[in-house]
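Trainee: Just dropping this structure here.
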Amino acid sequence: MIKVEHVSKIYGTGNNKVVALNDVSLTIDNGEFVSIIGPSGSGKSTLMHIIGGVDTPTDGKVYINNTDIYAQNENDLAVFRRREVGLIYQFYNLIPILNVIENMTLPVQIDHRPINEDRLNELITLLGLKGRENHLPNQLSGGQQQRVSIGRALMNAPAIVLADEPTGNLDSQNSCEIMNLLKLSNQKYKQTLIVITHDENIALMANRIISIEDGKIIRNEVIR
Ligand SMILES: Nc1ncnc2c1ncn2[C@@H]1O[C@H](COP(=O)(O)OP(=O)(O)OP(=O)(O)O)[C@@H](O)[C@H]1O
Ligand SMILES: [Mg+2]
């Protein structure tokens with residue numbers, strides 16, 4: 001379970017001070033699919049990064065399965081990030097000189113763990129990347145690149161998948177495919193899935209929609 005308690009995030013000081021999150025509390029159950037919507041600059045990415053152990057809150061606490069993640073030492077926090085969190089971004093963030101397999105297995109390699117070949121093959125097939133294993137990112141379409149970045153996020157079988165506008169750079173057909181894949185992995189691997197989106201149709205695929213404005217949660221609606 002993810003528990004965010006009275007989290008605030010303030011960037012900068014003096015005239016440059018920005019309150020990105022203002023006393024945000026929320027709970028997300030394991031296996032839930034939650035979408036986060038809100039205007040540009042409202043704090044969506046900041047909240048996602050704080051849940052994923054990437055950005056430290058100025059105030060408040062984040063518990064993942066009862067562990068206060070920011071009370072851990074830097075090393076344990078890094079291990080949590082690598083093993084329990086899968087991050088997916090709008091612009092894929094693939095390494096240009098690594099092929100599909102190398103990009104997908106990079107987090108496992110960094111973690112000095114053996115590659116689970118069965119999982120790798122399962123993901124390659126699930127993501128429709130068979131025959132593309134040795135291609136470099138610039139030899140792939142946008143949709144394919146995004147599927148590689150999803151594969152990379154899922155290789156470690158993370159408990160939490162965080163996607164920041166994963167379809168923001170894709171046409172409607174690719175968007176639909178990517179969202180179906182994320183939803184499938186949420187159901188199949190029982191992963192908690194949190195998706196930031198500006199697309200109402202995507203938001204409506206979730207179990208719950210959280211709306212953020214000015215660093216505050218203004219709505220938190222269970223839709224199914
Ligand atoms: N590293 C940073 N330094 C200073 N201010 C920041 C930093 N990161 C974010 N902010 C500010 O915090 C606020 C929230 O930013 P955030 O990226 O969370 O918004 P967002 O809801 O994801 O917006 P968008 O939809 O445009 O991606 C914004 O006003 C932004 O300018
Ligand atoms: Mg953002």
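The values are calculated or read from the model by the stated rules, or taken from the named source; none is laboratory data. Predicted, not measured: the structure shown is a model, and the values here were computed from it. Reconstructed Cβ throughout: ideal geometry from the backbone, glycine too, with neighbour counts over all protein chains shown. In case anyone asks, the SASA skips ligands and DNA or RNA and just uses the protein heavy atoms, side chains included. Shrake-Rupley method; radii C 1.70, N 1.55, O 1.52, S 1.80 Å.
Trainee: How far, in nm, would the chain grow between Phe91 and Ile218 when pulled straight, counting 0.36 nm per residue and subtracting the alpha carbon separation?
Mentor: Going from the current span to full extension adds 42.9 nm.
Trainee: Under 10 Å, Cα contacts only: if you run a Gaussian network model on the chain, which one of Ser149, Ser25, Ser40 comes out with the highest mean-square fluctuation?
Mentor: Comparing Ser149, Ser25, Ser40 in the GNM, the peak value goes to Ser40.
Trainee: What accessible area per residue, rounded to a whole number of Å², is obtained for region 1-146 using a probe radius of 1.4 Å? Could the numbers behind the result be given before it?
Mentor: On the way: 7430 Å² over 146 residues.
Roughly 51 Å² per residue, with all protein chains present.
Trainee: Could you list the trypsin sites (Lys or Arg not before Pro) in region 10-97 that lie in coil according to DSSP, counting only those with at most 15 other Cβ atoms within 10 Å of their Cβ?
Mentor: When the trypsin sites (Lys or Arg not before Pro) of region 10-97 are filtered for loop state and at most 15 Cβ neighbours within 10 Å, Lys17 remain.
Trainee: In debye, nearest 20, what is the charge dipole magnitude of region 90-171 about its Cα centre with +1 on Lys and Arg Cβ and -1 on Asp and Glu Cβ, if you could check?
Mentor: 100 debye
Trainee: Let me ask something else about it. Can you tally the net charge around His135? Count Lys and Arg as +1, Asp and Glu as -1, for every other residue whose Cβ sits under 13 Å from the Cβ of His135.
Mentor: +1
Trainee: Compute the Cα gyration tensor for region 110-171, then decide on rounded, prolate or oblate, letting a ≥ b ≥ c be the square roots of its eigenvalues: rounded whenever a/c is under 1.5, prolate when a/b is larger than b/c in the other cases, and oblate in all that remain.
Mentor: Numbers: a/c = 1.93, a/b = 1.23, b/c = 1.58.
Oblate.
Trainee: Now a separate question. GluC sites (Glu not before Pro) within region 123-224: which are DSSP loop residues with at most 16 other Cβ atoms inside 10 Å?
Mentor: Passing both the DSSP loop test and the Cβ count: Glu133.
Trainee: Considering only DSSP states other than H, G, I, E and B, which trypsin sites (Lys or Arg not before Pro) in region 130-189 qualify as loop sites with at most 11 other Cβ atoms within 10 Å?
Mentor: Here the sparse-neighbourhood loop sites are Lys130.
Trainee: Now, a different point. Quick one: compute the contact order of the chain, relative version, from alpha carbon pairs under 8 angstrom and 6+ residues apart, as a percent.
Mentor: 29 percent
Trainee: Something else about it: Explain nothing, just the number: relative contact order of region 152-199, from Cα pairs under 8 Å at least 6 residues apart, as a whole percent.
Mentor: Normalised by residue count, the contact order of region 152-199 is 53 percent.
Trainee: Which one of Leu87, Gly43, Leu77 has its Cα pushed farthest toward the positive end of the charge dipole of region 13-118, where Lys and Arg give +1 and Asp and Glu give -1 at the Cβ?
Mentor: Gly43
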